[in-house]
Amino acid sequence: MSKVQYPKFTLGQKLTEEQISFFDKNGFIHFQGVASPEEIRAILNSTEAIQEKWICDDLKIVNGVPIKFGVDENGKKIVHRFPFTSQFSEPVHNFVNSDRVKCLTVLLPPGSRIAENEKDGVVFNHYVNTPTSNFRQMGWHTDSMRDIFYGKKVLPMLNVGLYFDDSSSDKGGLRIIPGTHKQNMFSMLFKKAYFMNNDEDKHEMLVDAKAGDMVVHDGRIWHRVAMSPKYGAASRRRVMYTPVILGKYMPKSDDSATPFYHHFQKLVK
Ligand SMILES: O=C(O)CCC(=O)C(=O)O
Ligand SMILES: [Fe+2]
């Protein structure tokens with residue numbers, strides 16, 4: 001199934017009827033060439049600066065959310081998972097508040113918002129496969145499971161992915177099971193073992209993206225990130241997620257506690 005291609009779209013000022021119905025049916029949508037190479041470079045430069053600062057300051061946690069550290073292919077200490085990135089990076093803050101993200105709110109019921117200071121904020125992920133990598137894949141999960149840990153009702157949400165590297169099967173890549181955003185609660189809880197299972201599913205679809213593409217998924221959809229068959233620089237995959245959410249406003253701050261679901265994050269390697 002992962003060989004089958006799906007349609008890719010161009011983002012205009014407003015989503016078209018066709019784009020909205022594709023998302024409603026499948027639970028994801030892929031827009032090509034949303035960010036310019038200059039914007040991608042500016043964001044990457046800013047995350048590299050944040051990484052240096054966090055390492056130098058020995059910062060471990062942001063607003064209660066642990067920073068995931070590791071080592072790259074040259075043995076250099078790096079940040080694999082940056083929480084609340086837009087609070088530290090002006091180009092990220094500008095992108096997530098641009099019309100390209102705002103126009104996606106039509107995919108949710110009225111009243112949704114871009115969650116820069118709730119949940120884990122805007123998360124920037126940097127995967128690299130090395131023999132000792134701490135972040136080269138991510139097992140099956142839904143993003144909405146986190147709401148259950150908070151004892152909250154599961155509301156629709158978007159996770160808006162922006163790609164900084166080309167990401168096809170040579171990077172492992174994002175695999176999603178189209179349509180699973182419409183599953184019942186039992187399926188959302190138990191269809192697969194959260195984060196433990198990284199097996200191919202016969203219904204999974206590979207998201208084949210280029211740097212600058214934006215791929216939006218419904219938080220209730222099942223997805224995973226496969227391990228790259230390559231090592232080192234050839235396996236590098238950087239992608240940033242902006243949550244668009246509904247429900248009670250729950251901002252995080254310095255004294256926020258670490259959410260329980262982060263114990264699951266330790267399973268991700
Ligand atoms: O890296 C990706 O494309 C997906 C990451 C993801 O699913 C997550 O952080 O919840
Ligand atoms: Fe996810």
**OP:** Given the conditions (1) surrounded by 12 or more Cβ atoms within 10 Å (Cβ to Cβ); (2) in contact (Cβ under 8 Å) with a residue 12 or more places away in the chain; (3) under 20 Å from the mean Cα position of the chain (by Cα), report the number of the one that residue 41 does not fulfil.
**Re:** (2)
Original post:
If you take the residues in segment 146-160 that are touching a Phe, Trp or Tyr at 6+ places or on another chain (Cβ under 7 Å) and modelled with pLDDT under 90, which one is nearest to residue 181 (Cα to Cα)?
Top reply: 146
Original post:
Among 163, 150, which is touching a residue at least 60 places away in the same chain (Cβ under 8 Å) and within 11 Å of ligand 1 (Cβ to nearest atom)?
Top reply: 163
Original post:
What is the number of the single condition among (1) farther than 19 Å from residue 165 by Cα; (2) basic (Lys, Arg); (3) surrounded by fewer than 18 Cβ atoms within 10 Å (Cβ to Cβ) that residue 230 does not meet?
Top reply: (1)
Subject >> Any hit, segment 227-245, residues being touching a helix residue (DSSP H, G or I) at 6+ places or on another chain (Cβ under 9 Å), of a type in the set (Gly, Ala, Ser) and within 16 Å of ligand 1 (Cβ to nearest atom) >> reply: yes
Original post:
For segment 203-221, which residues satisfy the criterion of being near ligand 1 (Cβ under 10 Å from one of its atoms) and touching a Phe, Trp or Tyr at 6+ places or on another chain (Cβ under 6 Å)?
Top reply: 209, 217
**OP:** Quick one: which residue in 170, 218, 213 is more than 16 Å from ligand 2 (Cβ to nearest atom), within 18 Å of the chain's Cα centre (by Cα) and not β-branched (Val, Ile, Thr)?
**Re:** 213
**OP:** Filter segment 119-161 down to residues that are away from ligand 2 (no atom under 14 Å from the Cβ) and of a type in the set (S, T, N, Q) and give me whichever is surrounded by the fewest Cβ atoms within 10 Å (Cβ to Cβ).
**Re:** 132
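Condition check ((1) buried (at least 20 other Cβ atoms within 10 Å of the Cβ); (2) at pLDDT below 95) across all residues:
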{"position": "205", "(1), (2)": "yes, no"}
{"position": "211", "(1), (2)": "no, no"}
{"position": "225", "(1), (2)": "yes, no"}
{"position": "236", "(1), (2)": "no, no"}
{"position": "244", "(1), (2)": "yes, no"}
{"position": "248", "(1), (2)": "no, yes"}
{"position": "257", "(1), (2)": "no, yes"}
**OP:** Would you check which residues across segment 80-92 are over 15 Å from the mean Cα position of the chain (by Cα) and closer than 21 Å to residue 253 by Cβ and list them?
**Re:** 87, 88, 89, 90
**OP:** Would you be able to say whether some residue in segment 167-185 is of a type in the set (A, V, I, L, M, F, W, C), away from ligand 1 (no atom under 16 Å from the Cβ), more than 21 Å from residue 215 (Cβ to Cβ) and surrounded by fewer than 20 Cβ atoms within 10 Å (Cβ to Cβ)?
**Re:** yes
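The values are calculated or read from the model by the stated rules, or taken from the named source; none is laboratory data. This one's a predicted model, so the numbers in the text were calculated from it and none came from an experiment. Please note: Cβ atoms are built from the backbone with ideal geometry, for glycine as well, and neighbour counts cover all protein chains shown.
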